[in-house]
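Note sheet for the following structure.
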Amino acid sequence: MANNPAQDVAQARSDGKVHLLLAASGSVATIKIPNIIRGLSRHPNLSIRLVLTSSAAHFLQGQADEQPSLADIRSYPNVDAIYTDESEWVQPWTRGAPILHIELRKSLTLVLIAPLSANTLAKMVHGITDSLLSSTILAWDTDGFVDGKKKKILVATAMNTAMFRNPITQRNLKLLNELMGGADGWVEELQTISKGLACGDVGQGAMATWETIVAAIEDKLGLAAKDSGDDE
Amino acid sequence: MANNPAQDVAQARSDGKVHLLLAASGSVATIKIPNIIRGLSRHPNLSIRLVLTSSAAHFLQGQADEQPSLADIRSYPNVDAIYTDESEWVQPWTRGAPILHIELRKSLTLVLIAPLSANTLAKMVHGITDSLLSSTILAWDTDGFVDGKKKKILVATAMNTAMFRNPITQRNLKLLNELMGGADGWVEELQTISKGLACGDVGQGAMATWETIVAAIEDKLGLAAKDSGDDE
Amino acid sequence: MANNPAQDVAQARSDGKVHLLLAASGSVATIKIPNIIRGLSRHPNLSIRLVLTSSAAHFLQGQADEQPSLADIRSYPNVDAIYTDESEWVQPWTRGAPILHIELRKSLTLVLIAPLSANTLAKMVHGITDSLLSSTILAWDTDGFVDGKKKKILVATAMNTAMFRNPITQRNLKLLNELMGGADGWVEELQTISKGLACGDVGQGAMATWETIVAAIEDKLGLAAKDSGDDE
Ligand SMILES: Cc1cc2nc3c(=O)[nH]c(=O)nc-3n(C[C@H](O)[C@H](O)[C@H](O)COP(=O)(O)O)c2cc1C
Ligand SMILES: Cc1cc2nc3c(=O)[nH]c(=O)nc-3n(C[C@H](O)[C@H](O)[C@H](O)COP(=O)(O)O)c2cc1C
Ligand SMILES: Cc1cc2nc3c(=O)[nH]c(=O)nc-3n(C[C@H](O)[C@H](O)[C@H](O)COP(=O)(O)O)c2cc1C
């Protein structure tokens, strides 16, 4: 199973679960991933696959209580797999073999990228796909033409105030909303909030709270209604 | 020779041959490279240098009959060198030493990128040059001002239907044709075709057939006419 | 100290010195870095921190007299630290820990990127931040809102004539000046000059001379006036 991530995802498609791709790129807010997963643990029918960029993985190495290792997170409820960039190339590809970023797109009902770094944002809007996460995003079925249903990507940007206020970042956020967002779009932004940041600066750029993110996931997946009253 | 790729290319400039740079980026269609090379083997006066991105190299590791290793391909007729990103930095550069991506641009009559991945397409139109292939493309003498003759880059895009249909990819293809293509341009696109893709999806996005690609190369290099009737 | 670069930078903020970030990306003109540093050695109150991209580091390995190793350069007057991409991740980050590219932005009075490669230029204008240098640039306090004073980034582009003349590069230079330059901007370009280039081509694209660069730094930092007559 661990030997062929793409085949594993393909098989999971028929497991009767609701499939969420939770992704993190290299912001300090990656340390909220455990909270998000635990916040979703009351939904027994949810399957979570976690994708981390190499930068994001730096934040989850077990260096503090609130920063468990990936091995620890793998044992959390609902977590069915954790992927890094290497996962795409685990098995030398031959004709007919499934491709991880394609199988992810087919299997998943929703992608949530929290945090979305300034860098991964820039790669999204310009079409650079040099990581598993950026490849999955560009392979998205943006209008439902390929898989028959239109599915969403939610993003929660998170960065230092100066990086957030930089006109280059603002231009990329504008491109995100113009090219991929809006009524016909497939990307929805969970706005940043204003607070004291990890870097000591104060201001706009902090990621939406994990509670907001959990609520947004539940809303999109119709989980809250279905499982409310659930005591797991 | 293998110790100084840039010098090797500089020397080959006077070997009386027609020089083709065949490049592949990280699409499944990289497995058509052997067919393209064999399809050109009837032209004895052709010298082929192959450039692979690191992703493309994954597809040619000898994992199947149709996917020979790079060592195997090196022994095919007309193949005079195979370069990967490391080739640029093999020798610590000192003043006066030749530079691989510059020597390639000077020596080559034509570059054919087949397949062109969504990622390398994005890097081309945005000017990102973090690989030997993308550096060679940006160092191209786009109007013949530097080397005295205007030379072309042919590209054969290849990707999953959803990736191809994504508005971000379509925007990059439009930029490619607007900024680098057209009558005054230096890049020509060999359109994708519609068929069952390696990933199981059906639709637009597949690379032009290798026969089409071979014919396009022969046409641009004036090979078909010159060598027709050749019995090699 | 070497164990926590971000903390080291934070502490240096109160050392009473003028702080310059000197950065080099992967152009041959990186070999002018030693000249620039020596050209500034008559200013005893100047602290220089050097940032190199991985490509730039290839040019300073001690392979020639004019290309000393980084260890040699570390011992030059005024050089207080040398950073590469790994420097950001030396210590596993935990809440409250300083972040190198943020501390650099806070501590520095001026950034000078010489040479600025075509690739790092493209990443700057598109917001790609996959290196310490590009992260520092995007985290810049572009209008002084965050740190209370507006500070400049000077860039000295350097590339092969064909790469420089390429419409894609010209488009990126235009974006640089439109988006980040001008009277309200925070980036100033030191124009390339025309001469015989390291690659054998002749034409526009060479980096401004190191004397020009040293003079520009002195001017921006108000050093020339203050230290003129100084006999160090
Ligand atoms: C300690 C630390 C904290 C960082 N925090 C952020 C952040 O909050 N937001 C952001 O956009 N980048 C942040 N960065 C910079 C990114 O990690 C860097 O741009 C990286 O290349 C992003 O890669 P990715 O988008 O592939 O994950 C941080 C870097 C470090 C070293
Ligand atoms: C098995 C496999 C097949 C892939 N096929 C394609 C493809 O056909 N087209 C494409 O644009 N990307 C494809 N990708 C994604 C690219 O390999 C990825 O975006 C990579 O970073 C491209 O790098 P390059 O442009 O430097 O070669 C594939 C990835 C994998 C793992
Ligand atoms: C010997 C050599 C010399 C190079 N000189 C230049 C140059 O002068 N300008 C440039 O833009 N790129 C030049 N390049 C290409 C860059 O090194 C390459 O695009 C690299 O990815 C830049 O990375 P960076 O921007 O992260 O430093 C050179 C490459 C080599 C191998």
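Taken together, the values in this text are just the output of simple stated rules run on the coordinates, not laboratory data. Since the structure is predicted, the reported quantities are computational estimates derived from the model, not experimental observations. Counting neighbours? That spans all protein chains shown, and the Cβs are built from the backbone with ideal geometry, glycine included.
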Spelling it out for B:ALA23: with amide H atoms placed in the peptide plane at 1.01 Å from N, the residues 5 or more places away or on another chain with amide H under 5 Å from its amide H are B:VAL51, B:LEU112, B:ILE113, B:ALA114
Can you run phi through the Karplus equation (6.51, -1.76, 1.60; θ = phi - 60°) for segment A:119-136 and list ³J(HN,Hα) in whole Hz, with x for Gly and Pro?
-> 5, 5, 4, 4, 5, 4, 6, 9, x, 6, 10, 10, 9, 4, 5, 5, 5, 4
Calculate, in whole percent, how much of the Cα-Cα pair population of segment C:155-197 lies beyond 13 Å.
-> 56
Taking a ≥ b ≥ c as the square roots of the eigenvalues of the Cα gyration tensor, with a/c under 1.5 meaning rounded and otherwise prolate when a/b exceeds b/c and oblate if not, segment A:5-226 is rounded
Percentage of interatomic Cα-Cα distances in segment B:37-82 larger than 12 Å = 62
Mean separation of Cα contacts under 8 Å (at least 6 apart) over the residue count of segment B:5-226, i.e. the relative contact order in percent, is 21
Ranking A:MET163, A:MET124 by Cβ neighbours within 10 Å, fewest first, what do you get?
-> A:MET124, A:MET163
Within the under-14-Å Cβ sphere about B:LEU133, not counting B:LEU133, Lys/Arg +1 and Asp/Glu -1 give a net charge of -2
Tell me, what is a quarter of the convex hull surface for the C-alpha atoms of the protein assembly as shown, in nm² with one decimal?
-> 31.1
Based on the Cα coordinates of segment C:79-157, what is the per residue volume of their convex hull in Å³?
-> 115
Can you sort A:ARG49, A:ARG165, C:ARG95, C:ARG38 so the residue with the fewest Cβ neighbours within 10 Å comes first?
-> C:ARG95, C:ARG38, A:ARG165, A:ARG49
State the antiparallel share, in %, of DSSP beta bridges confined to the protein assembly as shown, rounding to the nearest 5.
-> 20
Net charge of Cβ neighbours under 13 Å - reference A:SER107; Lys, Arg +1; Asp, Glu -1 | +1
Residue-wise, which Karplus ³J(HN,Hα) couplings in Hz belong to segment B:64-69, taking 6.51 cos²θ - 1.76 cosθ + 1.60, θ = phi - 60°, and x for glycine or proline?
-> 7, 4, 7, 10, x, 7
Could you pull out every residue, at least 5 positions away or on a different chain, whose amide H is within less than 5 Å of the one on B:ALA206? Hs are placed 1.01 Å off N in the peptide plane, and Pro or chain starts have none.
-> B:MET159, B:ILE193, B:LYS195
Which percentage, to the nearest 5, of the DSSP beta bridges contained in segment C:5-226 is antiparallel?
-> 20
Over segment A:21-100, what relative contact order in percent results from Cα pairs under 8 Å that are six or more residues apart?
-> 33
Chain B, helix-only ellipticity at 222 nm - DSSP H runs n ≥ 4, -39,500 (n - 2.57), divided by all residues, nearest 500 | -8500 deg cm²/dmol
So what are the ³J(HN,Hα) numbers for segment A:70-78, from phi and the Karplus equation (6.51, -1.76, 1.60; θ = phi - 60°), rounded to whole Hz, Gly and Pro as x?
-> 4, 4, 4, 5, 4, 8, 5, x, 6
Placing a label point 7 Å from Cα toward Cβ, how far apart in nm is C:ASN4 from its equivalents in the other copies, listed shortest first to one decimal?
-> 4.9, 4.9
Mind checking which chain B residue has its Cβ closest to the axis relating B to A, and how many whole Å off it is?
-> B:HIS126, 3
What are the distances, in nm and sorted shortest first, from the label point of B:PRO92 to the label points of the same position in each other copy, with each label point placed 7 Å from Cα along the Cα-to-Cβ direction?
-> 3.5, 3.5
Sort C:ILE168, C:ILE48 so the one with the fewest other Cβ atoms within 10 Å of its own Cβ comes first.
-> C:ILE168, C:ILE48
In terms of modelled amide H atoms, which long-range or inter-chain residues lie less than 5 Å from the amide H of A:VAL146?
-> none
Where the centroid of each part is defined by its Cα atoms, how far is segment C:1-61 from segment B:77-123 in Å?
-> 31
